[in-house]
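Below you'll find the structure, written out as structure tokens, and then a few comments.
The values are calculated or read from the model by the stated rules, or taken from the named source; none is laboratory data. The structure presented is a predicted model; accordingly, all values stated were derived computationally and were not measured. Every residue, glycine among them, receives a Cβ derived from its backbone with ideal geometry; neighbour counts consider all protein chains shown.
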Amino acid sequence: MRYYIAIVHQEGDSAFGLTFPDLPGCHAAADNWAGISAAATEALDLWFEDMPDVDPASLDQIRARADVAEAIADGAVLLPVPYIPADTAPERVNISMERGLLRAIDETAKARGMTRSSFLASAARRELVGTV
């Protein structure tokens, strides 16, 4: 998993805007602070659909940029955004967990119309990046 730094800015009562200094043209908006994670993840997914792989710059490298320093001076904040590159090829794994937890997972997955695998993948993604 890689982390890309987003510049989060807001003017007055407008939506939050996000830009990624490492990724020209990659931007997002969220109506409130709670929506930033999902908006950022979606923006990264869309950007990487058509663009080449880019290694993220370090926080120190991002902070050293004049445009970033100017944005921060204007009230923006930097936010590390975790990104899991899309690779939809399934891979079989063997895991161990408490039997009671596994039963609870199976019951919940069934109630939601999901498989055990899709439930576990969704829960892991939510834990790692904050979105489903």
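Name the residue, out of 7, 105, 36, that is surrounded by 13 or more Cβ atoms within 10 Å (Cβ to Cβ), in the same structural domain as residue 129 (by TED's automatic domain parsing), out of contact with any Asp or Glu (no Cβ under 8 Å at 6 or more places or on another chain) and aliphatic (A, V, I, L, M).
Exactly one of 7, 105, 36 is surrounded by 13 or more Cβ atoms within 10 Å (Cβ to Cβ), in the same structural domain as residue 129 (by TED's automatic domain parsing), out of contact with any Asp or Glu (no Cβ under 8 Å at 6 or more places or on another chain) and aliphatic (A, V, I, L, M), namely 105.
Sort out which residues of the stretch 73-102 are among the hydrophobic types (A, V, I, L, M, F, W, C), surrounded by fewer than 14 Cβ atoms within 10 Å (Cβ to Cβ) and under 24 Å from residue 42 (Cα atoms), and write them in order of number.
77, 86, 89, listed by residue number.
Could you list, ordered by first residue, the pairs with Cβ atoms under 8 Å in which the first is in the stretch 41-58 and within 19 Å of residue 28 (Cα to Cα) and the second is of a type outside the set (Ser, Thr, Tyr) and part of a helix (DSSP H, G or I), at least 6 apart or interchain?
Partner pairs satisfying both residue conditions: 41/129.
Give the residues of the stretch 54-71 that are more than 16 Å from the chain's Cα centre (by Cα) and either surrounded by 15 or more Cβ atoms within 10 Å (Cβ to Cβ) or of a type in the set (D, E, K, R) (or both), sorted by residue number.
Residues satisfying the conditions are 57, 60, 62, 63, 65, 67, 68, 70, 71.
From (1) surrounded by fewer than 13 Cβ atoms within 10 Å (Cβ to Cβ); (2) in a loop (DSSP other than H, G, I, E, B); (3) not assigned by TED's automatic domain parsing to the domain that holds residue 4, pick out the condition that doesn't hold for residue 114.
That leaves (1) as the condition not met.
Please indicate, with yes or no, whether at least one residue in the stretch 18-27 is over 10 Å from the mean Cα position of the chain (by Cα) and under 15 Å from residue 75 (Cβ atoms).
Yes - at least one qualifying residue is present in the stretch 18-27.
Could you please find all residues in the stretch 1-17 being assigned to a loop (DSSP other than H, G, I, E, B) and either among the basic types (Lys, Arg) or within 13 Å of the chain's Cα centre (by Cα) (or both)?
1
Go through the stretch 10-33 and count every residue that is among the aliphatic types (A, V, I, L, M) and surrounded by fewer than 16 Cβ atoms within 10 Å (Cβ to Cβ).
2
Restricted to the stretch 39-53, and to residues that are of a type outside the set (Asp, Glu) and loosely packed, with under 14 Cβ neighbours inside 10 Å, which residue is nearest to residue 77 (Cα to Cα)?
46
Any idea which residue in the stretch 27-56 is farthest from residue 4 (Cα to Cα), counting only those that are part of a helix (DSSP H, G or I) and touching a Ser or Thr at 6+ places or on another chain (Cβ under 6 Å)?
38
Given the residues 103, 92, 125, which is the only one that is part of a helix (DSSP H, G or I) and farther than 30 Å from residue 7 by Cα?
The conditions single out 103.
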